[in-house]
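Reading through the structure tokens given below for one structure.
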Amino acid sequence: METMEKKEIKSLTLAELKAEMEQLGEKPFRAAQLYEWMHRKLSRGYGEMSNIPAAMKAKCGERYEYTALKTVTVQKSAVDGTKKYLFALSDGNMVESVWMRYKHGNSVCVSSQVGCRMGCRFCASTLDGLVRNLTPAEMLDQIYAIALETGERVSNVVVMGSGEPLDNYENLLRFLALLTDENGLHISQRNVTVSTCGIVPKMRSLAQEKLQITLALSLHAATDEKRRELMPIANQYSLEELIPCCAYYFEQTGRRITFEYSLVRHVNDSAEDAKTLAALIRGLNCHVNLIPVNPVKERVFVQSERQSVEAFAALLQKKGINATIRREMGRDIDGACGQLRRRFLED
């Protein structure tokens with residue numbers, strides 16, 4: 001007989017957990033206690049749950065998978081205190097997360113997949129393809145493990161680590177529900193950003209959820225031709241489909257779109273590129289985040305000169321586009337997606 005795959009207890013909503021406890025013959029209040037241990041007290045296992053009877057802990061242990069990521073390494077930036085974590089999952093796969101301290105609070109960048117199949121040309125996450133999706137609990141526990149390690153509250157979450165979040169859509173929605181639930185960490189939806197390379201049908205579905213999160217679109221080029229060179233997804237969805245989809249997201253949610261634009265020297269950083277970009281997104285309620293591209297040793301792309309980056313931003317602003325240059329965090333510690341895991345796999 002096949003063994004049934006255990007349910008992951010940390011991926012269950014409070015209502016689902018109540019139903020599970022009922023099936024186990026436990027009182028409904030036990031579900032609330034468990035939920036609090038997992039999502040508020042950030043317990044690493046049943047052993048720490050002092051007000052739960054031993055027999056119930058044993059039953060839960062047999063019946064449910066309990067996700068608690070193991071820290072493999074932590075790198076700390078000498079420049080800005082940014083920390084990059086490499087976590088081991090229960091099956092031996094590894095994912096990375098980054099903790100950043102800002103004036104407005106601490107931010108954690110989580111991964112949504114082990115690897116990625118999107119193939120963007122300047123990203124290290126995608127070099128070995130997609131291994132598997134992360135479960136909601138594995139996404140959550142990156143934040144929980146970091147909050148415990150730093151001893152500080154996390155107030156902002158960006159789903160911008162390895163993986164394409166909208167390629168793991170159902171798990172992403174459940175993760176967002178648990179993360180923002182008032183019985184858990186209760187992070188405000190407005191403090192959550194989800195990044196996508198532009199899977200149009202999934203962006204439309206997300207818009208219809210009417211969440212108050214920020215959607216960040218990796219744009220990186222203002223013409224289809226250039227975008228296709230950098231991002232294979234552009235072969236599937238043209239800018240003609242993508243830009244109206246961004247407008248639709250704003251219509252449905254009232255949340256302005258963020259465009260991520262990585263500047264690559266002599267590829268997409270000219271004054272002409274800036275003008276084309278301004279024309280493309282004119283009239284949209286949006287913000288452009290300009291990112292000097294991260295050097296990845298397997299890739300040939302070179303960062304734009306500071307002067308070009310500033311000129312690009314100034315040109316967009318002159319055309320009435322809200323644009324800022326992203327502060328580089330953790331550059332000295334493989335801060336960019338996928339670099340640390342990859343180095344670790346090669347050693």
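The values are calculated or read from the model by the stated rules, or taken from the named source; none is laboratory data. These figures come from a predicted structure and were not determined experimentally. For neighbour counting, all protein chains shown are included, and Cβ atoms are generated from backbone atoms with ideal geometry for every residue, glycine included.
Taking SER112 as the residue in question, decide whether it is modelled with pLDDT of 95 or more, in contact with a Pro (Cβ under 6 Å, 6 or more places away or on another chain), outside the structural domain of ALA19 (by TED's automatic domain parsing) and surrounded by 14 or more Cβ atoms within 10 Å (Cβ to Cβ).
yes
Take LEU239 and decide whether it is surrounded by 17 or more Cβ atoms within 10 Å (Cβ to Cβ), within 24 Å of PRO165 (Cβ to Cβ), modelled with pLDDT of 95 or more and not basic (Lys, Arg).
So LEU239 fits the description; yes.
Could you tell me which of the residues LEU173, LEU140, LEU239 is under 30 Å from ALA274 (Cα atoms), of a type outside the set (Gly, Ala, Ser) and assigned by TED's automatic domain parsing to the domain that holds ASN93?
LEU239
Exactly one condition in (1) under 23 Å from MET160 (Cβ atoms); (2) modelled with pLDDT under 95; (3) not β-branched (Val, Ile, Thr) is not met by CYS246; state its number.
It fails just one condition, (2).
Quick one: in the range 133-167, which of the residues that are in contact with a Cys (Cβ under 7 Å, 6 or more places away or on another chain) and under 18 Å from GLY92 (Cα atoms) is surrounded by the most Cβ atoms within 10 Å (Cβ to Cβ)?
GLY163
With the requirement that a residue be exposed (fewer than 13 other Cβ atoms within 10 Å of the Cβ) and either closer than 21 Å to LEU148 by Cβ or modelled with pLDDT under 95 (or both), what does the range 28-39 give you?
Hit for the range 28-39 is PRO28, nothing else.
Looking at the range 151-174, I want the residues that are touching a residue at least 60 places away in the same chain (Cβ under 8 Å) and closer than 13 Å to CYS116 by Cβ and have a partner that is of a type outside the set (A, V, I, L, M, F, W, C) and in a helix (DSSP H, G or I) with Cβ atoms under 9 Å, at least 6 apart or on another chain. Which pairs are those?
Pairs that qualify, where the first residue is touching a residue at least 60 places away in the same chain (Cβ under 8 Å) and closer than 13 Å to CYS116 by Cβ and the partner is of a type outside the set (A, V, I, L, M, F, W, C) and in a helix (DSSP H, G or I), are GLY161/GLN142; SER162/ARG341.
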